[in-house]
Amino acid sequence: MKIARLHYLSGRTLAAAALSLTLAACGGGKTVVESDLGIKGAPDWVNKGTSAVNDKDGRLFHGVGSSPNLGDEALQRSTADDRARAEVARMLSTYLDVVSSDYSASAGTGANANADQSVSRQIKAVTKQNLAGSKIIGRWKDAKSNTVYSIAELDFKSVKTTLEGANGMNEDLKRYIGRNGENIFDKVSGEKK
């Protein structure tokens with residue numbers, strides 16, 4: 001299955017694919033997902049697809065989206081950009097779910113549903129602020145298919161700063177993010193540094 005092609009699958013097929021990827025990820029060991037589209041002449045980010053990276057530029061969420069020829073170049077670019085941002089949102093949501101789960105486990109609130117819900121609400125309340133910080137850093141058009149690809153980037157530093165500075169967020173949760181945010185990012189991205 002090619003990750004970048006998920007945009008063209010039906011909702012039911014997409015849900016089934018997401019469920020099977022989630023279940024495979026829970027099975028232990030490292031799951032490898034085929035994401036190399038093998039498009040000759042394409043930038044590496046097009047062939048690699050959506051990813052969380054930890055490199056010399058820092059910890060970054062990269063979302064890759066695409067749009068087929070729509071007969072209107074501005075609409076096509078906008079569609080690819082929106083899909084790239086949606087991929088960043090999906091990755092950020094995964095990260096925040098892990099933060100919430102890990103925090104609840106470490107704080108001993110796993111048995112307290114009200115505390116879990118409160119933490120989830122607090123984290124999700126700042127998600128939109130973080131997504132506003134994502135930016136389109138590149139586009140590429142495949143001359144053969146006329147498909148436009150966009151890559152959106154969200155710097156983990158801005159995510160962490162926003163989470164730590166959120167008004168109304170539990171102070172223990174802020175400290176937890178300050179101490180453990182990078183390690184959780186590395187766990188989610190599958191990279192060790």
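The values are calculated or read from the model by the stated rules, or taken from the named source; none is laboratory data. This is a predicted model, so every value here is computed, not measured. Methodologically, a virtual Cβ is constructed for each residue, glycine included, from the backbone with ideal geometry; neighbour enumeration extends over all protein chains shown. Just the protein is used for accessible areas: all its heavy atoms, side chains included, with ligands, DNA and RNA removed. Shrake-Rupley method; radii C 1.70, N 1.55, O 1.52, S 1.80 Å.
Couple of notes before you dig in:
- Full-stretch length increase - Ile137, Lys56 - with 0.36 nm per residue and alpha-carbon distance subtracted: 27.5 nm
- Full extension of the chain between Glu182 and Arg90 gives 31.3 nm of extra length, using 0.36 nm per residue less the Cα-Cα distance.
- Sorted on the mean count of surrounding Cβ atoms within 10 Å across their residues, most packed first, peptides 179-188, 151-160 read 151-160, 179-188.
- Hull volume in cubic angstrom per residue (convex hull over the Cα atoms of segment 42-89): 81 Å³
- Taking amide H positions as modeled 1.01 Å from N, with prolines and chain starts lacking one, the residues under 5 Å from Gly138 and 5 or more places away or on another chain are Ile151.
- Derived scalar couplings between HN and Hα for segment 80-89 equal 4, 4, 4, 5, 5, 5, 5, 5, 4, 4 Hz in order, rounded to whole Hz, by the Karplus curve 6.51 cos²θ - 1.76 cosθ + 1.60 (θ = phi - 60°), x for Gly and Pro.
- Take the Cβ atoms of Ile39 and Val98, set R0 to 22 Å, and the FRET efficiency comes out at 0.10.
- Computed on the Cα trace of segment 68-107, the radius of gyration divided by the Kirkwood hydrodynamic radius gives Rg/Rh = 1.37.
- Accessible area per residue for segment 150-193, computed on protein heavy atoms with a 1.4 Å probe, is 52 Å².
- Given Lys56/Lys135; Lys144/Lys187; Lys48/Lys157; Lys157/Lys187, the pairs whose alpha carbons are separated by over 28 Å: Lys144/Lys187
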